[in-house]
């Protein structure tokens, strides 16, 4: 049976609202909750049929959570409605979709273990064990997929590379890659805003910044680079717990810190994890041809790199930017569904 169903559609699917207590996040450096809501999409047949289902882990973008994909939107479907439509149309098989909450005080963790934010990679692996024990999953890597957007796409790809024994399929929508061109546009914006606001105050309490009338778009730029620093260049000895990649007065790049960042770039990691990538049943990624963070260029470069390494993959480019691209989930979910087939 499914625990605590709170949303049932006409199609018969359910959203189970679980609670997960994470040992990996207990006592994390930012004091963020270690007990978190865990919405789980259960397909129409789950309550009627005693069988097992493949599983997709949906990794949210920066400043997002899985539960946000279930919010009503007058201009788009919820993720539950999308899954129902695709299942009822026979375009994807029935599947369980897990919606983790990866939020930190800084807006995200890149799903990495870090002394500055917490053990968010371990948290994701904990969830897999919890879900497999609690729900009727097909508990093997060939029926366990990762799907993510932006920072979630990065997290999905990184975990497919580092944990191929856990995850056999990955779909990455506009995930961070080719750091040399995707992150530099963010740095001048942070320098500009850091001159107008007290960055220490913002990092200590981002919600207070909004309560004081701060703009959410300013908050994004104030948090994004520090959050990446916390993920890529943590330093317990530093005043903020991480080394800043840019001088906030001059905008000069800190070369030593930047090299640490580059060590996390999926483009640079492809050769190291070539065997893991070759083992995947599906390696799918896409980007909009007008992505504001140049991720279409990074994705083209990544595709070329994979081809040179003999790694089978599917790369698609669509007309659009970095936002409002949920319609692309139709494409990736269909690709995952086909790859799930026995």
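For labels at residue 89 and residue 189 in the simple 7 Å Cα→Cβ model, what's the distance in nm?
Distance between label points: 3.2 nm.
Using the alpha-carbon atoms, what tilt in degrees (0 to 90, nearest 10) does helix 216-232 show relative to the longest principal axis of the chain?
90
Quick check: pseudo-label points 7 Å beyond the Cα along Cα→Cβ at residue 11 and residue 130, how many nm apart are they?
Placing both labels 7 Å along Cα→Cβ, they lie 2.5 nm apart.
Pop a pseudo-label 7 angstrom from the Cα along the beta-carbon direction at both residue 196 and residue 237 and give the gap in nm to one decimal.
For the pair residue 196/residue 237, the computed spacing is 3.6 nm.
Which three lengths, in whole Å and largest first, does the stretch 98-247 cover when its Cα atoms are put on their principal axes?
52, 32, 31
Distance from a point 7 Å along Cα→Cβ of residue 215 to each backbone N in the stretch 64-83: keep the residues under 15 Å and list them by number.
Inside the label zone: nothing.
For the chain, with a Gaussian network of springs between Cα atoms less than 10 Å apart, report the residue from 157, 127, 309 with the top mean-square fluctuation.
Result: 309 has the largest fluctuation of those listed.
State the extension gain, in nm to one decimal, for the chain segment bounded by residue 47 and residue 319, taking 0.36 nm per residue of separation less the distance between their alpha-carbons. Write down the numbers at each step before the final one.
Values: separation 272, 0.36 × 272 = 97.92 nm, distance 3.93 nm.
Value of the extension gain: 94.0 nm.
Compute the projected area of the convex hull of the Cα atoms of the stretch 30-184, averaged over all viewing directions, and report it in nm² to one decimal place.
Values: hull surface 41.7 nm².
Over every viewing direction, the Cα hull of the stretch 30-184 projects on average to 10.4 nm².
Suppose R0 equals 30 Å. What FRET efficiency, 1/(1 + (r/R0)^6) with r the Cβ-Cβ distance, do residue 30 and residue 247 give to the nearest 0.05?
Numbers: r = 24 Å, r/R0 = 0.80.
Given R0 = 30 Å and the Cβ-Cβ separation, E is 0.80.
Roughly what angle does helix 329-340 make with the longest principal axis of the chain, taking Cα atoms, 0 to 90 degrees, to the nearest 10?
It is inclined by approximately 60 degrees.
To the nearest 10 degrees, how steeply does helix 79-88 sit against the main Cα axis of the chain, on a 0 to 90 scale?
30
As a check on your grasp of the helix formula, calculate [θ] at 222 nm for the chain: sum -39500 (n - 2.57) over DSSP H runs of n ≥ 4, divide by the residue count, round to the nearest 500.
On the way: 13 runs with 123 residues, N = 342.
Computed mean residue ellipticity for the chain: -10500 deg cm²/dmol.
Name the shape class, rounded, prolate or oblate, that the alpha-carbon gyration tensor gives for the stretch 249-310, where a ≥ b ≥ c are the square roots of its eigenvalues, rounded holds for a/c under 1.5, and otherwise prolate holds if a/b is larger than b/c and oblate otherwise. Could the numbers behind the result be given before it?
Details: a/c = 3.08, a/b = 1.50, b/c = 2.05.
Oblate is the answer for the stretch 249-310, as a/c is 1.5 or above yet b/c matches or exceeds a/b.
Across the stretch 181-262, what fraction of all alpha-carbon pairs, as a whole percent, falls in each successive 10 Å bin from zero upward?
Bin by bin from 0 Å, the calculated values are 18, 53, 26, 3.
Quick one, can you get me the convex hull of the C-alpha atoms of the stretch 208-342 expressed as volume per residue in Å³? It would help to have the intermediate numbers written out before the result.
Numbers: hull volume 24.6 nm³, N = 135.
Given the Cα convex hull of the stretch 208-342, per-residue volume reads 182 Å³.
Please find, in a Gaussian network model of the chain (springs between Cα atoms separated by less than 10 Å), the residue of 45, 64, 108 whose mean-square fluctuation is greatest.
Highest fluctuation of the listed residues: 45.
Mind checking which of 293, 163, 217 has the largest fluctuation in a GNM of the chain, springs on alpha carbons under 10 Å?
Among 293, 163, 217, the largest mean-square fluctuation in the Gaussian network model of the chain belongs to 217.
At q = 0.10 Å⁻¹, what base-10 log of I(q)/I(0) does the Debye formula yield for the chain when every alpha carbon is treated as an equal point scatterer in vacuo?
Result of the Debye calculation: -0.58.
Before anything else, pin down the relative contact order of the chain: Cα pairs under 8 Å, at least 6 apart, normalised by residue count, whole percent.
Contact order relative to length: 16 percent.
Each reported figure results from applying straightforward, stated rules to the coordinates on display, with no laboratory input. Remember, predicted model here, so these are calculated numbers, not experimental data. FYI the Cβ positions are ideal-geometry reconstructions off the backbone, even for glycines, and counts take in every protein chain you see.
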